[in-house]
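Accompanying notes for the structure given below.
The values are calculated or read from the model by the stated rules, or taken from the named source; none is laboratory data. Model, not experiment: these values are computed from the prediction. FYI the Cβ positions are ideal-geometry reconstructions off the backbone, even for glycines, and counts take in every protein chain you see.
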Amino acid sequence: MLTAGVDHVATITKDSDRLQRFYVESFGATIEFDGPEFPGGPRMSIINIGPDCELNVFEIEGNTEADHQTPMYGRGRIDHIGFLAASLEEFSEIRERLMAAGATDGIVTVFGRKISMFFRDPDRMECEVLVANPDFDPEDVIFGVPSPRFQ
């Protein structure tokens, strides 16, 4: 494989401050940059969400894309973002923080070799947090059922 993963995902928001707070408080993210993308350009925030991965968030005056929400698979070329938790412990911590923020119902689903939980960020973008499934059995691959670890 010639790549090491995804470097960044670019999104549009109407409220950079609120989105930054959410990712810092829920994921322990850090803000690398917050200012104009170029002189006179739109506000751009670089939110570090992993050692080599970031959200590039643009706040563009008059842009209403952040208001649009459609059902899964009707959202255009990028449907949702999946975040990889560093470990099962960090997944549990993120889950607790997202539940406290009212961003998720906390349901964790078995997704083969991973477990996942969906949430919505303050812009109502649907996202997912995943981690390796510690109960994965290659002889009995399961998808779409609640994880017994998080009942």
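Checked against the criteria, residue 54 does not count as more than 12 Å from the chain's Cα centre (by Cα) and more than 23 Å from residue 141 (Cβ to Cβ).
Answer yes if at least one residue in the stretch 95-118 is among the acidic types (Asp, Glu) and modelled with pLDDT under 95, and no otherwise.
Start the filter on the stretch 95-118 by keeping residues that are among the acidic types (Asp, Glu), which leaves 96, 105.
Among the residues that remain, those that are also modelled with pLDDT under 95 are: none.
Checking the stretch 95-118: not a single residue is among the acidic types (Asp, Glu) and modelled with pLDDT under 95.
Residues that are assigned to a loop (DSSP other than H, G, I, E, B) and either of a type in the set (A, V, I, L, M) or out of contact with any Lys or Arg (no Cβ under 7 Å at 6 or more places or on another chain) (or both) within the stretch 97-122 comprise 101, 102, 103, 104, 105, 107, 108, 112, 113, 121, listed in sequence order.
Can you tell me which residue among 50, 106, 112, 40 is in the same structural domain as residue 29 (by TED's automatic domain parsing) and touching a residue at least 24 places away in the same chain (Cβ under 8 Å)?
Working: 106 fails: in the same structural domain as residue 29 (by TED's automatic domain parsing); 112 fails: in the same structural domain as residue 29 (by TED's automatic domain parsing); 40 fails: touching a residue at least 24 places away in the same chain (Cβ under 8 Å).
None of the other options fit; the residue is 50.
Residues that are within 30 Å of residue 150 (Cα to Cα) and of a type in the set (Asp, Glu) were ranked within the stretch 48-91; the one that is modelled with the lowest pLDDT is 79.
Checking the condition under 26 Å from residue 115 (Cβ atoms), part of a helix (DSSP H, G or I), among the β-branched types (Val, Ile, Thr) and outside the structural domain of residue 127 (by TED's automatic domain parsing), which residue from 24, 9 passes?
None of the other options fit; the residue is 24.
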